[in-house]
Amino acid sequence: MSNSPLHPSALAPAVQGLPPSATLAINERSHQLQAAGRKIYKFGLGQSPFPVPAPVVAALRAAAPQKDYLPVRGLKPLQEAVAHYLRRQLGIERPAAQVIIGPGSKELMFITQLAYAAELLVPNPSWVSYVPQAKLLGRSFAWLPTQPSDDWKLRAATLDQHCAAAPVRPRLLILNYPNNPTGATYSAIELAEIAAVARRHQVLVLSDEIYGDVDHTGQHVSIATHYPEGTIIATGLSKWCGAGGWRLGLFSLPPELEWLASAIAAVASETFTSVSAPVQHAAITAFNGSPEITAYLDQSRTVLTGLGNYCAGTLRRAGATLPTPAGGFYLFPDFSPLRAKFATRQITNSAQLTEALLNDTGVATLPGSAFGRPGDELTLRLSYVNFDGATALDAVREGAAVDVAFLRRYCADSVAAIHAMADWAARE
């Protein structure tokens, strides 16, 4: 084999064989199939269907001339706006200087794992990128078991059992809620129980609250309320503000973790330098909030609640088991009750299940195995927001009730896709 640096053998071991992120891969494949003339229902990538609120778009337009490099931790007025947002939305009091702005929360999570040499603890199932980031960095990780009867939520006793089995050592728990992939969220009592265990075992918590403002009740609670000194809050613009492509995420750390904030900022200074200046200036408007943005969020939650409940109910009637979505825009159905029927179609695992669905119905989903579940399960994740969010919001703004007639009119592709899945599953 050649020893040339141009040879593939020069790839770092952690990168060799690393596939693209599953969510991005299914999105690209969906685009390719659409370009080839197939009717594809894009339930794979988790992207908000709603437009960026008009005041935030106007702020970006006005900020277009901003061209200077900004401070590594972020634009000071934006840090202040985020601190005010956390106080207003979550009741969390933290200094603005402890806010770090990054090019998406994913990058900040990666840098945190780089800076903090800890065992990564991840409830199973979890979002597709947490564990691959640990693998890239050579960090140890552990999947923490959950149960479908608990809506796949981490229980405090499970965390306690894992931590008690070995001496105290640096550990980083990533807790994401409302959850991707399940759509479930945690109550204040459940969060308090997990916080008590984390404090007792000195576990650092990275609370991924990117879907907090699309909690369907509008009553999202942060675990930082119960464990302020040991919790990093992660959020951004992508999910509640419909601005995934703007690539702005943020961390809020308590003063007790300034040593870690300084390390994250140092790595950021050597990698991404700072986030786009126009986007940071526009984000001030987003995090300051306004009556128009509050109405936008209320209307978005109304649509997501109605559609999520409808889709979950349709899949249950077809034989799947799954949590009722409490936030975000995801479902995590388990088709195990139909295993015998699916076996006659040579479908015995989640990868075969998603492939057959795509080929037979045009519905693009992701296998549960991409989220840490055993490959032989019949779980999959779908993002049920394949519709024109701007038109749907306009209808709600004009007084339309989000009933079945509304869903069939304004969320037609999502409804068609979920019925295609249900009909396909019921087929003998």
Discussion item. Using the crude model of +1 on Lys and Arg Cβ and -1 on Asp and Glu Cβ, and no other charge, please compute the dipole size for the chain relative to its Cα centre, in debye to 20.
Written reply: 500 debye
Item to complete: Could you tell me which trypsin sites (Lys or Arg not before Pro) in the range 15-76 are loop residues by DSSP with no more than 16 other beta carbons within 10 angstrom of their beta carbon?
Response: ARG38, LYS39, LYS67
Worksheet entry | At most 15 other Cβ within 10 Å, DSSP loop - GluC sites (Glu not before Pro), the range 43-127 | GLU93
Discussion item. Testing the spin-label approximation: label points 7 Å from Cα along Cα→Cβ at GLU428 and VAL404. State their distance in nm.
Written reply: 2.5 nm
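By the gyration tensor of its Cα atoms, with a ≥ b ≥ c the square roots of the eigenvalues, what is the shape of the range 284-409: rounded for a/c under 1.5, prolate for a/b over b/c, or oblate?
Prolate, because a/c is 1.5 or more and a/b exceeds b/c.
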Discussion item. If you take every DSSP beta bridge fully contained in the chain, what fraction is antiparallel? Give it as a percent rounded to 5.
Written reply: 45 percent
Worksheet, complete the sentence: Counting only DSSP beta bridges fully inside the range 56-289, the antiparallel percentage to nearest 5 is 35 percent
Worksheet entry | Along each principal axis, Cα extent of the range 56-289, largest first, Å | 55, 39, 29
Worksheet, complete the sentence: Of all trypsin sites (Lys or Arg not before Pro) in the range 283-358, the ones in DSSP coil with at most 15 other Cβ atoms within 10 Å are ARG345
Worksheet entry | Anisotropy class of the range 181-314 from Cα gyration tensor, a/c 1.5 cut | oblate
Worksheet item: Can you work out ³J(HN,Hα) from phi for every residue in the range 380-386, in order, using Karplus 6.51 cos²θ - 1.76 cosθ + 1.60 and θ = phi - 60°, giving whole Hz and x for Gly and Pro?
Response: 8, 10, 10, 10, 8, 10, 8
Practice prompt. Quick one: compute the contact order of the chain, relative version, from alpha carbon pairs under 8 angstrom and 6+ residues apart, as a percent.
Written response: 22 percent
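Can you give the calculated 222 nm mean residue ellipticity of the chain, where each DSSP H run of n ≥ 4 adds -39,500 (n - 2.57) and the sum is split over every residue, rounded to the nearest 500 deg cm²/dmol?
Calculated mean residue ellipticity at 222 nm is -13000 deg cm²/dmol.
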Discussion item. Let me make sure I get this right: for the range 92-132, a, b and c are the square roots of the gyration tensor eigenvalues over alpha carbons, sorted descending. Under 1.5 in a/c it's rounded, otherwise prolate if a/b > b/c, else oblate. Which is it?
Written reply: prolate
Worksheet item: So which residue, out of GLY46, GLY138, GLY368, gets the largest mean-square fluctuation from a GNM of the chain using Cα contacts under 10 Å as springs?
Response: GLY138
Fill in: Within a Gaussian network of the chain (alpha carbon springs, distance under 10 Å), most fluctuating of VAL275, VAL168, VAL128
VAL168
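Only the coordinates and a few stated rules stand behind these numbers; no lab work does. In this text, all values refer to a predicted model and were calculated from it rather than measured experimentally. Cβ atoms come from the backbone with ideal geometry, glycine included; neighbour counts cover every protein chain shown.
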